[in-house]
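Before I ask anything, let me first share the structure, which is written out below as structure tokens.
The values are calculated or read from the model by the stated rules, or taken from the named source; none is laboratory data. Not measured: the values here are computed from a predicted model. Heads up, the Cβs are rebuilt from the backbone with ideal geometry, glycines too, and the neighbour counts pull from every protein chain shown.
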Amino acid sequence: MQTQLRQALNHLFTLSCGASVVLLVAALLLFLIPMLKKGAVAVLFRGTVEFRKMQAEQFDRGNEEALQKEIEQTAQSRQEIYAILDQFSRGIDTEKLTDEVKGLYRDYGDELRYKDTPKEQYTKLRSQAKIIRNHLLDAFESIDKTEINEYLDAVKVFEKGNSFSGTTVEKMFAVADGFQKTIQHVDLSRRGEYAEELSVVKEELYNLFGPRPEEKTPQLAMRRFGATRWDVAQKHLSFLLWQEKWVRSDDGQSMVSRKVRRDDPQYGSFSGTSLLPLFTLVEETLDISLKPRFTFYWQYFIDDSTPGHYFGGVGPEVLGTLMLTMLAMCFAVGPGVLSAAYLVEYAGDNLIVKIIRICINTLAGVPSIVYGLFGMAFFVTYVTRHPGILSAAMTLALLVLPVIIRASEEAIRAVPQTYREAAMGLGAGKFRSFITVTLPAAGPGILTGIILSLGRAAGETAPILFAGAAALAPIPDFGGKWWLQETRALSYGCYDITVGDKLAMMVPHKQFGMVMTLVMLVLCLNIVAIFVRSRMSKKLRGA
Amino acid sequence: MELTPIRKRAALQPGKIRLNSPPSAAAEETPCTQKTIIGARDFTFYYGSKAGVENITMDIEVGSVTAIIGPSGCGKSTFLRSINRMNDLIPQTRTEGLLSVGGQDVYDKSTNLVNLRQQVGMVFQRPNPFAKSIYDNITYGPKLQGIRSKAKLNALVEKCLKDAALWDEVKDDLHKSALALSGGQQQRLCIARTLATKPRVVLMDEPCSALDPLATARIEDLIEELKGTYTIVIVTHNMQQAARVSKRTAFFCLGKLIEYGQTDKLFTNPQEKSTEDYITGRFG
Amino acid sequence: MTESLLQRDKNDAAVEFSRPLRLSVTEDLRGFLAEKIGHATLFSITFLSVLAVMAIFYFVIQESVPFIFKGSFGESIGRLTEFLTRTGWYPQSHDNPEYGALSIIVGSLYVTLGALVVAVPVGVLAAVFLSDIAPFSLRQICKPIIEILAAIPSVAYGVFAVMIVAPWMQNTLGFTTGTNALNASLILSIMALPTIISVAEDALSAVGREVREASYGLGATRAETMLKVVIPASHSGIVAAIILGMMRAIGETMVVWMASGNASRIPSPWWDLSQSVRTLTATIAGELGEVPKNTDHFHVLFMIALLLLLFTFGLNMVSEFFMARFKKKSRGL
Ligand SMILES: Nc1ncnc2c1ncn2[C@@H]1O[C@H](COP(=O)(O)OP(=O)(O)O)[C@@H](O)[C@H]1O
Ligand SMILES: [Mg+2]
């Protein structure tokens, strides 16, 4: 009985030990899988014609002719959609109509003056036009269909008079006509609601297709193109189609919030209006008007980005990270390896060496943010006098110095003493035997340490916060003093794009894309290190 | 006690066990030149406060093979490694007395360590080739001496490998890693590597202890061939080996030199009790 | 006697040594200088680390001193006590700034201890698994996994906390905010785990096989052997592992800055980890970018850094002590 209990406890113990490791692996997978999966979407996705347009305009990339052809092909189906939209908005967007009619009236005045109309005829026509205008404006104001028809009929009287044929006023008649047609299907009492919904529809169409061909190019880069990616297009399509609405619940007792289609015959906002066909049309022709195609956007890793990372890639961040880490290694590797050499080959076991060791361990334990402070208070203030690449790299170098020292020390210590004996026995001095025998033998180990600390330097954010990293720094100008310029970096970019940048919140694939780039970089470095290490142990075995 | 059969054979018929070994009788019979190359007077070596060897006084003759035997931990390696100052690698050591090589007090400040170690080469207990190619292993020493000419180096490699009886086995893959060789080959490579620096004295610290009997026989042959040209001091656990290859033998025990003399005399007629105990296998 | 011996050997060996065994004066001088210069150079390079540590302490102290030592001695003490014992942190207030860091200190302790509560048992058990239970091949797989876990940049963990864990906590667990002490603690525990595991595993492996065999030989099960013999025998190494993990957690910046919510108050009730807290590191990271130099606010941030530095330095000393003890023990002294 007692032994059974002990056995059971033993199994429990083994199980919980195993469970801990499983937990560990699960944590890694739980982290890696979503991060990499969501990040991969930044590179592998279905790109639409808008994406190719963006690539052509922003990065001068792709086949001009093929793109033009594609744009023409898509233009047709888009045009149909716009036609329906315009037709409907004429009835709803009275403000716009009012502006239009006012404009036409003004134009007509100019036209009359331009044609040198005799004074009295001018006054007459002008006052008639004014009456037409006022009728129209009244019609726009009103929500009573019969009243509107009265106003519009009054306008039609002038049309028959023929005195306006061939002038701008004809356009007013056209507006009146269109308006009359539209209001047949429109519940005018809900005009306010329509206008609101219509603005949503318009915005979503903009998000899908970008500015209309006749519009002038917007200032903001993010407003210049529609949905560049099929998944984004799908999202906007659903925003376009579906709305949240308070509807009476099935038992008719209470109101519940429910998602309904905008063209739902019963609940949809646009039920029974002339806009109705638009929704199914957009839905059915979306792939014709966007032409999604599978895209491997590898240039993501080298492209510059538009503000907020709305379009483009992480090129400047990658460049910045590479510069920072390489420069940091330039500063740290020499002293690191030499310190290790001193500690192994020369240092005895005296007090000063003990102090040095304690200091190296302390250095390794200093919180990274304190390195950041030190970088600001010393490197920036006294060495470079300007936060920039150089000061940031120096701070990082200090951070990885203890890592390199420890790794190199371990590697050098692992070189068998017989190697040194053999070299000395052949007449090599201490220095010679270190350079020609010990160092090559320790090389892979040291290299592994350097690669790992490269990953560490690439991933650290806190030390460079105040020493030279900036979210919107320009790409360094290599003609000038580039080392004094601030730079973007992947690590800082990851922070900024997820927490700092409001614009970036709209493009989660870009947020994850940046993190994925950083994680992949570090993972690759680690895998290389593991590989080097396994090669090393093989070599030492003489294979 | 009666001589054990092994001892009889070893002591009385040196070289008999080996097949096709060159007759060594002639060399053995040449009169002793009595020229010394290494001399120790009351030499003591301390590891910290503990003595590794104490008050050693002995002379080693030019061009001869001298064997050092003794139980484990008696200071054979310590003494051998002192001769070319290999013990410098160990921290906190010091010496007393005198150890001279070619008239130079090796523990004096004025010793040219590079020249000393190149001319007093060493072969270690375990083969320790560098993790480099065979070629690079051998040219390591000559390159240190400043020999850069490819032709000279090539010739040297060939000569040394031939001297070490390794040429035929490796001549086709000189640029392969030395670590891929077998243990015996590695040890012969180490000997070749030592010969490449043109030493006058070769110190061997149990060169065969990590090898199988066949490889051991080859190394012994090699020593046979090298003697005369080089002064050889060899530490060995194997008394037959000492008897076979050496002209003189020193017996160390507990850090002291107990007995030193002609090999055949020491084995057949030891003066000291502990020597006899050791060679008859009563201890050690 | 010496002279005569040397002379004799010299004559005997005259033909033997073609290269002189004695150094010429110039060689001697050259060798001496090379040795000294080489040694001095290497030493000074190595000494850089010491200088770096001293410089870090110097600059942090230099910038934090003006915060405390201003006015009379009594005032200085007052400011220090306010800093350490009050919870009001309103450094930006124009008329009446308050610099009470207690809630921030407590916040740091919260997330650190929270992380350890998870990381220590999991880490030690995983170390036991790797050192005593896993077969060799499995260990070969687990090692790289732990290395990768250690190598993932903290900012990436931060993004994970904000973009994946926080929404999950808010939507699934129904917390009022997704960025809170629990979130930060969980992520920190993942980050502290690799350190704890690798150091603890070293400690466990250093306990010799004989000890285990002795215990098994007396009929103990594996659990009993580990819990009653091996873990007690390696306890100083394991304590060192825990302290190193703790240092990693307390010094971590990006994760806590992004995931802890940054509210400078002590959670109430005290056990409610679902509330936001703010840590020392996050305070520096969040505020230093915006304060003008040489203001009280600027100096108080360095004061926080000094506090952190002292914390980690102290922990480092303690871990060094345990490491030394552990090493001594495993050498059998
Ligand atoms: N590196 C060392 N440090 C301290 N003592 C040593 C060292 N090497 C050898 N010794 C001691 O010196 C004595 C002689 O050792 P060694 O010369 O290696 O013996 P042998 O080679 O005859 O077996 C031994 O008692 C050993 O304990
Ligand atoms: Mg020995």
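Do we find that residue C:184 is in a helix (DSSP H, G or I) and either small (Gly, Ala, Ser) or under 17 Å from the mean Cα position of the chain (by Cα) (or both) in this structure?
Details: in a helix (DSSP H, G or I): yes; either small (Gly, Ala, Ser) or under 17 Å from the mean Cα position of the chain (by Cα) (or both): yes.
Answer is yes for this residue.
Return the residues of the stretch B:160-187 that are part of a helix (DSSP H, G or I) and more than 29 Å from residue B:101 (Cα to Cα); say none if nothing qualifies. Reasoning before the result, please.
Restricting attention to the stretch B:160-187, the residues satisfying the condition of being part of a helix (DSSP H, G or I) are B:160-163, B:167-170, B:178-180, B:183-187.
Hits for the stretch B:160-187 are B:167, B:168, B:169, B:170, B:178, B:179, B:180, B:183, B:184, B:185.
While we're on this one: In the stretch B:150-173, what residues are over 21 Å from the mean Cα position of the chain (by Cα) and touching a residue at least 24 places away in the same chain (Cβ under 8 Å)?
Passing the criteria: B:156, B:157, B:170, B:173.
In the stretch A:322-335, is there at least one residue being among the polar types (S, T, N, Q) and at pLDDT 85 or above?
Quick first cut of the stretch A:322-335, residues among the polar types (S, T, N, Q) only: A:325.
Then keep just the ones that are at pLDDT 85 or above; that gives A:325.
Checked the stretch A:322-335: at least one residue is among the polar types (S, T, N, Q) and at pLDDT 85 or above.
Considering only the stretch B:186-198, I want to know if a residue exists there that is among the polar types (S, T, N, Q) and surrounded by fewer than 20 Cβ atoms within 10 Å (Cβ to Cβ).
Filtering the stretch B:186-198 for residues among the polar types (S, T, N, Q) gives B:186-187, B:194, B:197.
Checking which are surrounded by fewer than 20 Cβ atoms within 10 Å (Cβ to Cβ) leaves us with none.
No.
Additional query: Of all helices (runs of 4 or more DSSP H) completely enclosed by the stretch A:74-168, which ones contain at least 1 residues that are out of contact with any Ser or Thr (no Cβ under 9 Å at 6 or more places or on another chain), among the acidic types (Asp, Glu) and farther than 30 Å from residue A:200 by Cβ?
Details: elements: A:94-114, A:119-141, A:145-160.
Correct list: A:119-141, A:145-160.
Return yes when residue A:540 is modelled with pLDDT under 85, more than 14 Å from chain C (Cβ to nearest Cβ), surrounded by fewer than 24 Cβ atoms within 10 Å (Cβ to Cβ) and under 24 Å from residue A:231 (Cα atoms) and no when it is not. Steps first, please.
Numbers: modelled with pLDDT under 85: yes; more than 14 Å from chain C (Cβ to nearest Cβ): yes; surrounded by fewer than 24 Cβ atoms within 10 Å (Cβ to Cβ): yes; under 24 Å from residue A:231 (Cα atoms): no.
Judged against the criteria, residue A:540 is not a match.
For the stretch A:228-319, which fully contained strands (runs of 3 or more DSSP E) count at least 2 residues that are closer than 30 Å to residue A:183 by Cα and touching a residue at least 24 places away in the same chain (Cβ under 8 Å)? Steps first, answer last, please.
On the way: elements: A:242-248, A:255-261, A:293-296.
In the stretch A:228-319, the matching strands (runs of 3 or more DSSP E) lie at A:242-248.
Whether any residue in the stretch A:403-410 is more than 14 Å from chain C (Cβ to nearest Cβ) and out of contact with any Gly (no Cβ under 8 Å at 6 or more places or on another chain) is what I want to check.
no
Assess whether residue A:475 counts as being over 27 Å from residue A:419 (Cβ atoms), surrounded by fewer than 19 Cβ atoms within 10 Å (Cβ to Cβ) and in contact (Cβ under 8 Å) with a residue 60 or more places away in the chain.
Working: over 27 Å from residue A:419 (Cβ atoms): yes; surrounded by fewer than 19 Cβ atoms within 10 Å (Cβ to Cβ): yes; in contact (Cβ under 8 Å) with a residue 60 or more places away in the chain: yes.
In short, yes.
Sticking with this one: Looking only at residues in the stretch A:125-184 that are of a type in the set (Lys, Arg) and under 20 Å from residue A:107 (Cβ atoms), which one is surrounded by the fewest Cβ atoms within 10 Å (Cβ to Cβ)?
Checking each candidate, the answer is A:130.
Among the residues of the stretch B:59-95, count how many are more than 9 Å from ligand 1 (Cβ to nearest atom) and basic (Lys, Arg).
Within the stretch B:59-95, residues that are more than 9 Å from ligand 1 (Cβ to nearest atom) and basic (Lys, Arg) number 2.
Are any residues in the stretch A:473-495 out of contact with any strand residue (DSSP E or B) (no Cβ under 8 Å at 6 or more places or on another chain) and within 14 Å of chain C (Cβ to nearest Cβ), and if so, which ones?
Step one: filter the stretch A:473-495 for residues out of contact with any strand residue (DSSP E or B) (no Cβ under 8 Å at 6 or more places or on another chain), giving A:474-475, A:477-485, A:490, A:493-495.
Once the filter is applied, which keeps residues that are out of contact with any strand residue (DSSP E or B) (no Cβ under 8 Å at 6 or more places or on another chain) and within 14 Å of chain C (Cβ to nearest Cβ), the stretch A:473-495 yields A:490, A:493, A:494, A:495.
Does the stretch C:129-136 contain any residue that is without any contact (Cβ under 8 Å) to a residue 60 or more places away in the chain, outside any loop (DSSP other than H, G, I, E, B) and surrounded by 19 or more Cβ atoms within 10 Å (Cβ to Cβ)? Spell out how you get there, then give the answer.
Taking the stretch C:129-136 and keeping what is without any contact (Cβ under 8 Å) to a residue 60 or more places away in the chain, we get C:129, C:134-136.
With outside any loop (DSSP other than H, G, I, E, B) added as a condition, the list becomes C:129, C:136.
Imposing the further condition that a residue be surrounded by 19 or more Cβ atoms within 10 Å (Cβ to Cβ) reduces the set to C:129.
Yes, the conditions are met somewhere in the stretch C:129-136.
Consider the stretch B:188-207. How many of its residues are in a strand (DSSP E or B) and within 16 Å of ligand 2 (Cβ to nearest atom)? Steps first, answer last, please.
The initial filter retains those residues of the stretch B:188-207 that are in a strand (DSSP E or B), namely B:201-205.
Of the ones still in play, those that are also within 16 Å of ligand 2 (Cβ to nearest atom) are B:203-205.
Within the stretch B:188-207, residues that are in a strand (DSSP E or B) and within 16 Å of ligand 2 (Cβ to nearest atom) number 3.
Could you please let me know if residue B:221 is more than 13 Å from the chain's Cα centre (by Cα) and not basic (Lys, Arg)?
Details: more than 13 Å from the chain's Cα centre (by Cα): yes; not basic (Lys, Arg): yes.
In short, yes.
Here is a follow-up. So which helices (runs of 4 or more DSSP H) are wholly in the stretch B:55-159 and hold at least 3 residues that are within 14 Å of chain C (Cβ to nearest Cβ) and away from ligand 2 (no atom under 16 Å from the Cβ)?
Answer list for the stretch B:55-159: B:113-119, B:134-144.
For the stretch A:346-434, please list each of the helices (runs of 4 or more DSSP H) lying entirely inside it that holds at least 2 residues being assigned by TED's automatic domain parsing to the domain that holds residue A:475 and surrounded by fewer than 23 Cβ atoms within 10 Å (Cβ to Cβ).
Details: elements: A:351-365, A:368-374, A:389-414, A:417-425, A:430-433.
Where helices (runs of 4 or more DSSP H) fall fully within the stretch A:346-434 and carry at least 2 residues being assigned by TED's automatic domain parsing to the domain that holds residue A:475 and surrounded by fewer than 23 Cβ atoms within 10 Å (Cβ to Cβ), they are A:351-365, A:389-414, A:417-425, A:430-433.
Here is a further query. How many residues, within the stretch A:264-320, are acidic (Asp, Glu) and over 20 Å from residue A:209 (Cα atoms)? Outline the logic, then answer.
Pass one, the stretch A:264-320, residues acidic (Asp, Glu): A:264, A:283-284, A:287, A:303-304, A:317.
Among the residues that remain, those that are also over 20 Å from residue A:209 (Cα atoms) are: A:264, A:303-304, A:317.
Result for the stretch A:264-320: 4.
OK, next. Tally time: how many residues in the stretch B:202-250 are on the phi > 0 side of the Ramachandran plot and within 16 Å of ligand 1 (Cβ to nearest atom)? Steps first, please.
The initial filter retains those residues of the stretch B:202-250 that are on the phi > 0 side of the Ramachandran plot, namely B:206, B:228.
Of the ones still in play, those that are also within 16 Å of ligand 1 (Cβ to nearest atom) are B:206.
So the answer is 1.
Let me ask something else. Does residue C:49 satisfy the criteria of being over 28 Å from residue B:63 (Cβ atoms) and either within 8 Å of chain B (Cβ to nearest Cβ) or not hydrophobic (A, V, I, L, M, F, W, C) (or both)? Before the answer, list the steps.
On the way: over 28 Å from residue B:63 (Cβ atoms): yes; either within 8 Å of chain B (Cβ to nearest Cβ) or not hydrophobic (A, V, I, L, M, F, W, C) (or both): yes.
Criteria met by residue C:49.
So, in the stretch C:146-181, how many residues would count as being within 13 Å of another protein chain (Cβ to nearest Cβ) and not in a helix (DSSP H, G or I)?
Step one: filter the stretch C:146-181 for residues within 13 Å of another protein chain (Cβ to nearest Cβ), giving C:146-168, C:178-179.
Now narrow it down to the ones that are not in a helix (DSSP H, G or I): C:152-153, C:178-179.
Qualifying residue count, the stretch C:146-181: 4.
Follow-up. Of the numbered conditions (1) out of contact with any strand residue (DSSP E or B) (no Cβ under 9 Å at 6 or more places or on another chain); (2) in a helix (DSSP H, G or I); (3) among the hydrophobic types (A, V, I, L, M, F, W, C); (4) surrounded by 14 or more Cβ atoms within 10 Å (Cβ to Cβ), residue A:200 fails exactly one; give the number of that condition.
For residue A:200, the failing item is (1).
I'm trying to understand the selection: among the residues of the stretch C:249-298, which are among the β-branched types (Val, Ile, Thr) and either more than 11 Å from chain A (Cβ to nearest Cβ) or more than 20 Å from the chain's Cα centre (by Cα) (or both)?
Within the stretch C:249-298, the first condition is being among the β-branched types (Val, Ile, Thr), and the residues that meet it are C:250, C:253, C:255-256, C:266, C:277, C:279, C:281, C:283-284, C:291, C:295.
The answer is C:266, C:277, C:291, C:295.
Here's a follow-up. Have a look at C:65, C:25 and point out the one that is aliphatic (A, V, I, L, M), at negative phi, more than 50 Å from the chain's Cα centre (by Cα) and surrounded by fewer than 16 Cβ atoms within 10 Å (Cβ to Cβ). Even if it seems obvious, please write down each step before you answer.
Working: C:65 fails: more than 50 Å from the chain's Cα centre (by Cα).
That would be C:25, the only listed residue that is aliphatic (A, V, I, L, M), at negative phi, more than 50 Å from the chain's Cα centre (by Cα) and surrounded by fewer than 16 Cβ atoms within 10 Å (Cβ to Cβ).
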